[in-house]
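Values in this text are rule-based calculations from the coordinates and carry no lab data. Every value quoted in this text rests on a predicted model; they were computed, and no experiment measured them. Glycine also receives a Cβ, built like all others from the backbone with ideal geometry; neighbour counts cover every protein chain displayed.
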Amino acid sequence: MVNGEILSSQTNRKGQVMIKKDSVVTLGYILKKGNGEELDRSNAAEPLAYLHGHGQIVPGLEKVLGGLAVGDKKEVTVTPQEGYGEVDPQLKMKVSRDKFPADANMEAGMQVTANMEGDKQTHFTVQGVEGDEVILDGNHPLAGETLHFSVEVIEVRQATAEELQHGHAHGAGGHHH
């Protein structure tokens with residue numbers, strides 16, 4: 001077993017295909033914060049499909065799903081380090097209102113994008129406006145949160161060559177071109 005993935009076998013004792021790198025995995029899930037607040041939900045009617053081993057879901061969840069098969073259910077707790085990271089205080093800042101377009105109505109909850117050092121684009125959420133300053137937070141909204149997933153594996157299949165080339169799952173729950 002390497003990084004939670006079984007490498008020597010593609011099927012379990014029941015002959016079911018198991019999740020491994022380059023599998024397209026379709027999940028139903030419930031996501032809750034540490035305080036029990038439900039954040040998101042997906043079921044068989046509207047599943048989530050992703051390409052396993054390609055960083056398309058939080059690392060702590062992806063690591064635990066390796067080796068599961070259709071019908072498997074799992075409760076997974078993901079720490080901030082294996083989820084959206086810890087809160088970075090350097091990504092919380094106050095910026096002069098005159099740095100934004102004059103006609104922009106800056107309101108709490110708005111998303112703005114800024115070019116940071118090295119032309120790296122960072123997304124910020126406006127936390128509020130105090131006088132002539134806009135309070136921004138560039139942390140992911142779930143940074144610092146312990147996440148609780150209840151997952152059920154709905155489908156597992158080998159990714160097609162096209163999915164591997166495009167870097168994402170196609171079809172139900174995945175990307176549509």
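Points to keep in mind about this one:
- Bins of 10 Å from zero: percent of alpha-carbon pairs in segment 82-136: 22, 53, 21, 4
- Each label was represented as a point 7 Å from its Cα along the Cα-to-Cβ direction; for THR125 and LYS63 these points are 2.5 nm apart.
- With K and R counted +1 and D and E -1, the other residues having a Cβ less than 13 Å from that of PRO80 yield a net charge of -3.
- DSSP-loop GluC sites (Glu not before Pro) across segment 97-159, with at most 10 other Cβ within 10 angstrom: GLU107
- The GluC sites (Glu not before Pro) found in segment 9-99 that occupy coil by DSSP, while having at most 15 further C-beta atoms within 10 Å, are GLU37, GLU86.
- Percentage relative contact order, the chain, counting C-alpha pairs under 8 Å, at least six apart: 31 percent
- For segment 74-153, the dipole from Cβ point charges (+1 on Lys and Arg, -1 on Asp and Glu) about the Cα centre works out to 60 debye, to the nearest 20.
- With a threshold of 26 Å on the Cα-Cα distance, the over-threshold entries among LYS63/LYS120; LYS33/LYS120; LYS21/LYS73 are LYS63/LYS120; LYS33/LYS120.
- Dimensions of segment 55-107 based on its C-alpha atoms, expressed as ranges along the principal axes with the largest first, amount to 54, 23, 17 Å.
- Here the convex hull built on the C-alpha positions of segment 79-177 has a volume of 187 cubic angstrom per residue.
- Rounded FRET efficiency, nearest 0.05, which uses the C-beta distance separating ASP22 from LYS92 and R0 of 45 Å: 0.70
- Dividing the summed -39500 (n - 2.57) terms of all DSSP H runs of n ≥ 4 by the residue count of the chain sets its mean residue ellipticity at 222 nm at -2000 deg cm²/dmol.
- Rounded to the nearest 0.05, the FRET efficiency derived from the C-beta distance between GLU46 and VAL112 at R0 = 25 Å is 0.25.
- Short-range pairs are left out: with C-alpha atoms under 8 Å and at least six residues apart, the relative contact order of segment 66-131 is 22 percent.
- D (Stokes-Einstein, µm²/s), Kirkwood Cα radius, segment 17-155, 0.692 mPa s at 37 °C: 191 µm²/s
- Loop exposure criterion: trypsin sites (Lys or Arg not before Pro), DSSP state outside H, G, I, E and B, at most 11 other Cβ atoms within 10 Å. Applied to the chain, the longest stretch between such sites is 15-119.
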